[in-house]
Amino acid sequence: SNRFQGLNSLDDITAIINTPPIGGYQVTPNQQLKNFKVSVKSNCLSLSVFLLFFLSYHVFTQRPQTQPVEEEEVEVEEAEELGHVDTYADYRPSKSKIGISHPDRVVETNTLSSVPPPDITYTLSIPETTINRGLLSALQLEAIIYACQQHEVILQNNQRAGFLIGDGAGVGKGRTVAGIILENNLKGRKKALWFSVSNDLKYDAERDLQDIHAQNIQVHALNKIMFPYGDTATSEGVLFATYSALIGESQAGGQHRTRLKQILDWCEPGFDGVIIFDECHKAKNATSTKMGKAVLDLQNKLPLARVVYASATGASEPKNMIYMSRLGIWGEGTPFRTFDDFLHTIEKRGVGAMEIVAMDMKVSGMYIARQLSFSGVSFRIEEISLDDDFKLVYNKAAKLWAEALVVFMQAADELCMSSRKSLWGQFWSSHQRFFKYLCIAAKVRCLVELAKKELEAGKCVVIGLQSTGEARTREVLDENDGHLDRFVSAAEGVFHSLVLKHFPSEKQRREKGAGNKRKRESCRAFVSLSIYCLSLLSASWLEEMKQGLLNKIAVLGKELPLNTLDELIDKFGGPEQVSEMTGRKGRVVRRSDGSVQYESRAEQGHTIDQINIKEKDRFMNGEKLVAIISEAASSGISLQADRRVKNQRRRVHITLELPWSADRAIQQFGRTHRSNQVTAPEYIFLISELAGERRFASIVAKRLESLGALTHGDRRATESRDLSKYNFENKYGTKALDKITKAILGQIESKVPPPNDYPGGDAMFFTDMKHGMVDVGMLCSQSRLGINIEKDCNITKFLNRILGLEVHKQNSLFQYFTDNFDYLIEKDKKEGKYDMGILDLAPGNDQIYEETQEKFLTAGNPQDGQVILYKVSFFDVFYPCFRSLRRRHKIAGKTSSLSPSGNVAMLTGEKTFQTSDLVLVKLSSEDLTCMHVSCRNGRCKRVEEGQECLMGTRLRQYHMLCGALLRVWKRVSDVVADITNSSILQIVRLKTKDSSKQVGESTR
């Protein structure tokens, strides 16, 4: 082991990876291995065995193996040393000692709690009276201190470093932000910018400042300031604006001017005040949206500004971190020259790398993330079965969409429009929305029954959805000159609008021009006609095709479900009983005489913008016990069982429609789980038995997995929402899709059988699936080549299109897909290729020893980082899976087994034994050999090659890299990949005998 001392650089770590762990570990007498040799003589039972057992002489036996397996190497899985433990740990500031404890229990993921924040060097100026009265809690003060401390750092690009507050809903980000503004105001920086998602949140900002006795700091709404000239009355204070205001423009006095320029003029050159990006996830996709670009532009033009990013969601994917340019993770003086370099490295290495990002940010002092304890919060998924009538309607719709695809293709071929991306984009997006509305409608009856039971039990109900269906309602209003006497079907509207507005026509071809190149081969034999772009069908016949589709849609529309939001409000007793907090301007209601009419949501004395706040107050006061929220109410509205309000019933938060992104999901979930609540909420996710609906669960599950890793440093932080099993948008989903499509086409023979309960057996299954995948555009029936896979076939498209299959077909196809998906994951787990996330090394074992450590300094911003190489050892006292291991290690007439006892004995010698004649012989430490030697008459492949082997012994040794891993991640991974042909580094967490916690990359 001496050759590993005094490592000079990270390159020296290479040597360790190929070197076996040392075996001469010294132990104290009471830790000494108790090894015994047992000779047994008797005439009672003929066996040849090799056992480990309890000292109480309780013997585990196995039947002898009659056929030797000479070449099979015995390997013990590392699973017995790695395991998951509780995801969260109670949170208390570790280095900040001021302030009163937070009023509610706050937790941090175990992963983040295992890495320490930097030492505190900043001196706070906030008055002691504010601190002693508890106006800012201890953990809020901690965030203020670290934010201001980080603002003292200047990055190598001469911009001031920023800080990310990733606290969950209810921890009090608003007060924390107000505290940062107050601290800077006391230091003489009298101007601050505060960006959020809604102008209404200005009142929340004022409340937060008042709550910490900083009411002297005025808050000015940008939308109330004269544009484009400004107002001298706002020379100091907080300028409050929305993200959308950043892209506002005006043409006044012949001079073009933007809101962004107005803001920059107000700040003045050399501005070093605070810029708050509240709910900063709204600024994601910075390079692809005007809003995102404006956020980046503002930061670049005010290089000395003190930037604070604040959001419970932060960034749901690495690519959405681009607007966080002040964190100093990429750029000059970092391992990543550009954001693209950072993005490529992180996405290539998956969630494991994202976990490293969150930990590295905390260690560097640029990030903090706590959340309210989920103690008392319950989560469950309700899978809803469909009745026969609904299945019949759904199947009719699936067949009509398949027919519509054929008709659209015929018309497009006639007009040389087959390659139009816009045409097929409209078709398939409408296809997806149509079946999404059906999926939601399938759950309405169950939701109403469930909600009424909860109301009878003395609770109140919050229903979360995304789509209001207002667009279709307004279309029907326009068609009927503003009159409406029936509830509208949103699904019918989507289908009808597609055919009416986007069916291929000669007019469309002339307006948009014919495609120069056919990018999609026709599924019908019109090749010769397409070459000359001539139509054998007259314009009137095309119109007849279009009208035929519209007539069939009208017939189907009589059976399609109604607008979900209007139907829910109607079933709960009308607007008088339901608080609606959505973005729509009007609704369809049933009057007392049974007639139906359209009405505006606005009330006398209240505008549309104010009505959501009024409805919230009615719910919180107990006037209404059912609330329905959409994205419009997902940010800034508190609906928890607050101690200060009249309605303190337990909230049952039912998610009828899963949001399309985890950003929105987290915002909705945080509306009902906040601080100062009497009872924690209950979350219920409704998912129908329609296999295709898992598309939406898959989207959210994928985002939640990434979100937990980035914002809390542990992918399991959001796993408790019980949606992780629906995450198919990963490499395993892609591989599974490739296998099932090739198996359906007969190109390969899959190792996974199709569902055994499919009517007609396997042959009928493959035939039906082949035609079904053609009907939804996953396979293409080509005139000369037969049926083949679409060139852009991918998992996202598959999960979208599967909705368009008949119920029994989509469920069977989805089952076949998930069976292949599970098979591939299990295969990788057996081969050690599966990324398990952050695991605990030897959970429950408190005898982990730190043998050596080597420290390395890595240059980087905002401060130099430190990477430490540890070598740790522990004795394996307990094998949680000893039974499965015993089954695996049957060799050549002998059987090996593992005991859960800390005491070990070996049984060998004669082929017969009687338990009463046991003779125990103690082994010396020099006799200790690996399992291979004991099991193979002295043969061990690794020993014969001159290496050291401890397989089967209780001594376990690992090398761990800890500290600022993000800065060396790529380099270390490349080194490991060169040596082991795998870039996978297991991230582990452990607690040593002296109670120090470590998180790092491990290799044995």
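Bear in mind these aren't lab numbers, they're just calculated from the coordinates by the rules spelled out. All values derive from a computational prediction rather than experimental measurement. Reconstructed Cβ throughout: ideal geometry from the backbone, glycine too, with neighbour counts over all protein chains shown.
A few notes on this one:
- Size of segment 355-492 as Cα extents on the principal axes (Å, biggest first): 63, 49, 36
- Rounded if a/c under 1.5, otherwise prolate or oblate - segment 93-328, Cα gyration tensor axes: prolate
- Mean separation of Cα contacts under 8 Å (6+ apart) over length of segment 93-328, as relative contact order %: 22
- Note on segment 130-173: Kirkwood hydrodynamic radius from all Cα pairs is 11.9 Å, rounded to one decimal.
- Note on VAL555/GLU603: beta-carbon distance plugged into 1/(1 + (r/R0)^6) with R0 of 35 Å gives a FRET efficiency of 0.35.
- Alpha-carbon Debye profile of segment 731-830, log10 I(q)/I(0) at 0.12, 0.13, 0.19, 0.21 Å⁻¹: -0.36, -0.42, -0.91, -1.12
- Relative to the Cα centre, the charge distribution of segment 731-830, modelled as +1 at Lys and Arg Cβ and -1 at Asp and Glu Cβ, gives a dipole magnitude of about 400 debye.
- Förster radius 51 Å - calculated FRET efficiency between GLU850 and ASP822 (Cβ-Cβ, nearest 0.05): 0.85
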